[in-house]
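Asks: Sharing a structure, written as structure tokens. Questions coming.
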Amino acid sequence: MLDKTYDPTQFESKLYDFWMDKGYFTPKAEIGKPYFSIVSPPPNITGQLHIGHGLDNAIMDTVVRFKRMQGFNTLWLPGTDHASIATEVKIVEQLKKEGIDKHDLGREGFLARAWQWKEKYGGRIVEQLKKLGSSCDWSRLAFTMDDKCSEAVRKQFVSMYRKGLIYRGNRIINWCPVCKTALSDAEVEYSEQDGHLWHYGYTTPDGETTVVFATTRPETMLGDTAVAVNPNDPRYTHLLGKTVIVPFVNREIPVIADEYVDMNFGTGAVKITPAHDPNDFEVGVRHNLPVIRVMNDDGTMNENAGEFAGLDRYEARRRIVDRLREMGRLVKVEAHKHNVGTCYRCHTTVEPIVSRQWFVKMQPLAEPAIRAVRDGEITFHPERFAKTYFNWMENIKDWCISRQLWWGHRIPVWYCDDCGAEICEETDPTECPNCGSKHIHQDEDVLDTWFSSALWPISTLGFYRDSDDFKAFFPTSVLSCGYDIIFFWVARMIFSSLYATGQVPFRHVLMHGIVRDEQGRKMSKSLGNGVDPVEFIDKYGTDTLRFALINGVANGSDIRFAPDKIEGTRNFMNKVWNASRFVLLNADGKQLTDIAKCRLTLADKWILTRLNDTVTEVTDLLEKYELGMAAQTLYDFVWSEFCDWYIEFTKPVLYGTDENARRDTLSVLCYVLDAILKLLHPFAPCITEQIYQAMPNHAESIMIQPFPTKRTDLDFRDDARLVEELKDLVTKVRNIRSEYGVAPSKRIRLYVEVTDERIRECDLYLVKLCNLEEAVFAPAPDGEKTVRAVGTAAACEVPLGDLVDKDKETERIRKELDNVCGEIARAESKLANPGFLEKAPAQLVDNERAKLAKFTELRRQLLARLDELQ
RNA sequence: GGAGGCAUAGCUCAGUUGGUUAGAGCGCUCGCUUCACAUGCGAGAGGUCGUAGGUUCAAGUCCUACUGUCUCUACCA
């Protein structure tokens, strides 16, 4: 039997262990069997569980449990990510506290520390994920740097290298002077900052003409190798082909013409620094300009900076501006807001720098990736995110994949010290295949962490090992992640998988939003407004966490995680618990009947019909991955129909003396509760299993039971409609009681005049739900003062004696009459519209006619009542 | 600059091929220790669905423009 109070901490972790012991999470790789598979987005080993993981896992577990119950061979494969740069930053910080520089340890020593870190924090996050109740297969737990994944990275790299899709070159990249590594474009975040536009100029050697321009980064002038103007700009035609002198370094540079220059911006002249600006770099390529780097990797000025060498970039900027001012060259200084790129890990302003790095050539990879989504091989939910995807893919630039870090997959390229050959093989070479020299050395850099993440679905399933898992579970069915990593991850998995396997990595992409705080702010460490899922689960349980994150939330929209929402969800769990307790307390030790053999009451028929509706709706919604609406549908059914009405309907029977009726009603109660538990299980796995285990005739576990399906043999539309009429009457009578201040405990008599004879069967329901002393199926005796509730199946009269106020009652009836007349007018005007009759579906026209008939009848009765009152 | 989202009850939000009287939770008002649940029960009040046009028999839903707001993306020195 269930405990008196709902306390999830008493059973959640026990149930998880039970499921694990039974091996329910671990499917066999059965090739050809209908399957459902998800490969989990791997959390970074740097961190701990946050609410975003909670959301991600709640979504995946709900879908996975649903599909498992539907009978699919279901795999949910979990893992963790080495998170190259993020982890390395953390370890460097840790070392710093111990007074150690990473270079003191050397590469080997550092990597040893990193693996220690991985053991500690990777293990911790796995334990935290288990608290969520996620039914993932821990026997297949993967790590981006384990053998299988490393092998995939190696093979993919070599293959792409050989096809010329990976190349090494000098390009402008984003450089983080703190992390001291290159970053991809996706790893740069822009933030608007207050800066300045400094206007000054360079003068021709003869000292006669000065070309004035504006810049936000004066320090880069030391690397200027040209001044550019628009070829169509008449102001500067006379200067084309001339030269000007860069002060401080006294370099003579040409004035060139290039379309890139916007004549209407500033003075129409631009200083060109090919080594430190992406656009200038392009200009430099077109005009064959020298590339002069003036900065070191740590953001200080290098030897090319002349008198400013050794200064930090910002100090150099200040000094240069000061000097220009002293020299009288500074024409103007303007305040200027501009977007500055920052490192997504440490938020330092990145420096565009020319550097020799490895790149993935994107154009050939992007095309099939765009096609796959366009052709519907992959579907985004909601669809609009496909646009975001196209937008990025169609304007994609080459992907810088080398990082000047140690923690990660080392680039599998060796260089021959003797002949300079570049060697890229699947197995580590020992000598140069070109000249036979033994003097070879490996590239020092590691790969962007997202290069391995991009292979995650194929590497974890063992594509490069020809494994059964791959054959049984690929392409995966669903990918679930936040919209913030579409570029980092989703897009890259798509083109990487298409390249390697010729197949898409997943069929459906479920995008969710960001979990925000009560005021709609992002949760962050600095604001201290984050919700720790582990703490939350210890307090409320994982079912409440999961349901609160999913219920009523539209796909892809951000979620406000507010305390009253949490309480509401907890209350719902409590409701489920107590309703179950009611059923189980009554069913305890009683014999039940097969539902198909029960003599069903009207209420039974109603709830079974409504259950059918709910099963259909929830199943449809889940199949469309509309989890929020599916949960909402269940919430409403459980609370507003099963608890508020059906359980109340059963009470007169359960507390009555007819043993057969009691048995049958209990059978229906148990049947419906059992179905509710199963429907709810994907969303709230623990509470449903706990209750299920207390049910009569339960099987080993709810999680391997079939998901409920519609019972056409238990569908009673007509009776269900009648019960809706009954509910309507009950509400109206209660309303009258409330309006007239009849004490809830006061039992009254009710006179009922039926239009639908079946209402007579509802005697007990009326007595119980309206708290009657009796229901008399006759008109009220003459002279009895009553208030009337009018419905289509019956009209009820509540005798209230002197409480009845003629004016008040007239007013009440008039108000209802207004409403009814409004509806009649509406229906009539629709039915009078020839267009509607011709073009609207027949069903709709019929509905409208039925509605008109119903309201006309109500109007008749209301008018009759008004007459009586006169 | 480009793209996209949002704008519905006091608040937070659902509302998916256009089709019953636009819903929920919270809050609010009134009343209830009714034997599953006060984490509850019953009854209510509260919305011309941002503005203006258009398409349609029919628009919260589709189209156009506008206003407000948020996000992504690019980046002109």
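The values are calculated or read from the model by the stated rules, or taken from the named source; none is laboratory data. Given the structure is predicted, the values throughout are model-derived calculations rather than measurements. Neighbour counts run over all protein chains shown; Cβ positions are idealised from the backbone, glycine included. The area values use the complete protein model at the heavy-atom level, side chains included, leaving out ligands, DNA and RNA. Shrake-Rupley method; radii C 1.70, N 1.55, O 1.52, S 1.80 Å.
Asks: Report the rotationally averaged projected area of region A:425-528 based on its alpha-carbon convex hull, in square nanometres.
Replies: Working: hull surface 43.1 nm².
Result: a mean projected hull area of 10.8 nm².
Asks: Something else now. What distance in nm lies between label points placed 7 Å from Cα along the C-beta direction at A:Lys361 and A:Ser640?
Replies: So the two model labels end up 6.0 nm from each other.
Asks: Multiply the residue separation of A:His698 and A:Glu518 by 0.36 nm, subtract the distance between their alpha-carbon atoms, and state the gained length in nm to one decimal. Each step should come with its number before you reach the end.
Replies: Details: separation 180, 0.36 × 180 = 64.80 nm, distance 4.09 nm.
Extra length available between A:His698 and A:Glu518 comes to 60.7 nm.
Asks: How many angstrom lie between the C-alpha centres of region A:612-679 and region A:255-286?
Replies: That distance is 71 Å.
Asks: Lys/Arg Cβ at +1, Asp/Glu Cβ at -1, dipole of chain A taken about the Cα centre: which of A:Ser135, A:Gly791, A:Gly54 is farthest positive-ward?
Replies: Checking the options against the dipole of chain A, the answer is A:Gly791.
Asks: In degrees between 0 and 90, to the nearest 10, how far off the longest principal axis of chain A does helix A:659-680 point, with axes built from Cα atoms?
Replies: Approximately 10 degrees, to the nearest ten.
Asks: With just the Cα atoms defining each centre, how far is region A:763-800 from region A:459-518? Give it in Å.
Replies: The two parts, judged by their Cα centres, are 63 Å apart.
Asks: Sorted by packing (mean other beta-carbon atoms within 10 Å per residue), highest first, where do A:385-396, A:267-278 land? Walk me through the intermediate numbers first.
Replies: Details: A:385-396: 15.3, A:267-278: 23.8.
Final packing ranking: A:267-278, A:385-396.
Asks: I need to check one value: relative contact order of chain A, counting alpha carbon pairs closer than 8 Å and at least 6 residues apart, in percent. Kindly include the intermediate steps, with their values, before the conclusion.
Replies: On the way: 1491 pairs, mean separation 110.6, N = 870.
In percent, rounded to a whole number, it is 13.
Asks: Next question, about the same structure. I want to check the label-to-label distance for A:Asp21 and A:Asp715. Put each point 7 Å from Cα in the C-beta direction and report it in nm to one decimal.
Replies: Rounded to a tenth, the inter-label distance reads 4.2 nm.
Asks: I'd like to know how region A:529-610 sits against the 2.2 N^0.38 Å rule of thumb: what's its Cα Rg over that expected value? Write down the numbers at each step before the final one.
Replies: Working: Rg = 18.4 Å, N = 82, 2.2 N^0.38 = 11.7 Å.
Normalised by 2.2 N^0.38 Å, the Cα Rg of region A:529-610 equals 1.57.
Asks: Which of A:Ser496, A:Phe463, A:Phe572 sits farthest toward the positive end of the charge dipole of region A:437-585, with +1 on the Cβ of Lys and Arg and -1 on the Cβ of Asp and Glu?
Replies: A:Phe572
Asks: What is the magnitude of the charge dipole of region A:634-713 about its Cα centre, with +1 placed on the Cβ of each Lys and Arg, -1 on the Cβ of each Asp and Glu, and no other charges, expressed in debye to the nearest 20? Don't skip to the answer; put the middle values down first.
Replies: Values: 6 positive and 11 negative charges, 24 e Å.
Dipole about the Cα centre, nearest 20: 120 debye.
Asks: Exactly which chymotrypsin sites (Phe, Trp or Tyr not before Pro) in region A:602-709 are in a DSSP loop and have at most 13 other Cβ atoms within 10 Å?
Replies: Details: sites: A:Trp606, A:Tyr625, A:Tyr635, A:Phe637, A:Trp639, A:Phe642, A:Trp645, A:Tyr646, A:Phe649, A:Tyr655, A:Tyr671, A:Phe683, A:Tyr692; in loops: A:Tyr625, A:Tyr655, A:Phe683.
Here the chymotrypsin sites (Phe, Trp or Tyr not before Pro) that fit, given the DSSP loop and packing criteria, are A:Tyr655.
Asks: Measure off, as a whole percent, the carbon and sulfur share of the 1.4 Å-probe accessible area of chain A, all protein chains present. Don't jump to the answer; show the numbers that get you there.
Replies: On the way: 17920 of 38050 Å².
Exposed carbon and sulfur together represent 47 percent of the surface.
Asks: If you don't mind, there's one more thing I want to ask. Over all Cα pairs of chain A, how is the pair count split among 10 Å bins, expressed in % and running from 0 up to the last occupied bin?
Replies: Once binned at 10 Å, the Cα pair distances of chain A give 2, 10, 16, 17, 15, 12, 10, 8, 6, 3, 1, 0, 0.
Asks: Now for a separate question. Please give every one of the lysines within straight-line cross-link reach of A:Lys806, meaning a C-alpha to C-alpha distance under 17 Å, and leave out same-chain neighbours fewer than 8 residues apart.
Replies: A:Lys785, A:Lys815
Asks: In Å², what does the accessible area per residue of region A:107-154 work out to with a 1.4 Å probe?
Replies: Details: 1990 Å² over 48 residues.
On a per-residue basis, region A:107-154 sits at 42 Å².
Asks: Now for a separate question. What accessible area per residue comes out for region A:1-58, rounded to a whole number of Å², with a 1.4 Å probe?
Replies: Details: 2740 Å² over 58 residues.
Ligands and nucleic acids excluded, the figure is 47 Å² per residue.
Asks: Moving on. Could you tell me how far the Cα centroid of region A:419-437 sits from the Cα centroid of region A:107-145, in Å?
Replies: Centre-to-centre (Cα) distance: 35 Å.
Asks: Would you please put A:800-808, A:140-148 in order of how densely packed they are, using the mean number of other Cβ atoms within 10 angstrom per residue and starting with the highest? Working shown, then result.
Replies: Working: A:800-808: 11.9, A:140-148: 18.8.
Output ranking for A:800-808, A:140-148: A:140-148, A:800-808.
Asks: Could you pull out the trypsin sites (Lys or Arg not before Pro) across region A:154-223 that fall in loop regions by DSSP (anything but H, G, I, E, B) with no more than 15 other Cβ atoms inside 10 Å? Walk me through the intermediate numbers first.
Replies: Details: sites: A:Arg154, A:Lys155, A:Arg162, A:Lys163, A:Arg168, A:Arg171, A:Lys180; in loops: A:Lys163, A:Lys180.
The qualifying sites are A:Lys163, A:Lys180.
Asks: Compute the angle between helix A:842-869 and the longest alpha-carbon principal axis of chain A, please, reported from 0 to 90 degrees and rounded to the nearest 10.
Replies: Relative to chain A, helix A:842-869 is tipped by roughly 50 degrees.
Asks: Roughly how tilted is helix A:363-374, in degrees to the nearest 10 and between 0 and 90, from the longest Cα axis of chain A?
Replies: Roughly 10 degrees, rounded to the nearest 10.
Asks: May I pose another question? Less than 22 Å apart at the alpha-carbon level, and either on another chain or at least 8 residues along: which lysines does that give for A:Lys539?
Replies: A:Lys4, A:Lys14, A:Lys130, A:Lys131, A:Lys525, A:Lys565, A:Lys575
Asks: Can you list which of the GluC sites (Glu not before Pro) found in region A:304-383 are DSSP loop residues with at most 12 other C-beta atoms within 10 Å?
Replies: Passing sites in region A:304-383 are A:Glu383.
Asks: Where only protein heavy atoms count, and the probe is 1.4 Å, what is the accessible area per residue for region A:554-595 in Å²? Mind dumping the intermediate values first?
Replies: Numbers: 1920 Å² over 42 residues.
Solvent-accessible surface per residue comes out at 46 Å².
Asks: List the equivalent ellipsoid semi-axes of region A:1-150 in whole Å, largest first, each obtained as the square root of 5λ for an eigenvalue λ of the Cα gyration tensor.
Replies: Listed largest to smallest, the semi-axes of region A:1-150 are 35, 20, 12 Å.
Asks: May I pose another question? Which of the aspartates and glutamates could a cross-linker span from A:Lys746 if the Cα-Cα distance has to be under 15 Å and same-chain partners fewer than 8 positions apart are dropped?
Replies: Candidates past the 8-residue exclusion: A:Glu773, A:Glu774.
Asks: Under a point-charge model restricted to the Cβ atoms of Lys and Arg (+1) and Asp and Glu (-1), what is the dipole moment magnitude of chain A relative to its Cα centre, in debye to the nearest 20? Kindly include the intermediate steps, with their values, before the conclusion.
Replies: Details: 110 positive and 129 negative charges, 64 e Å.
The dipole of chain A has a size of about 300 debye.
Asks: Which listed residue (A:Gly801, A:Phe11, A:Tyr35) has the Cα farthest towards the positive end of the charge dipole for chain A, taking +1 on Lys and Arg C-beta and -1 on Asp and Glu C-beta about the Cα centre?
Replies: A:Gly801
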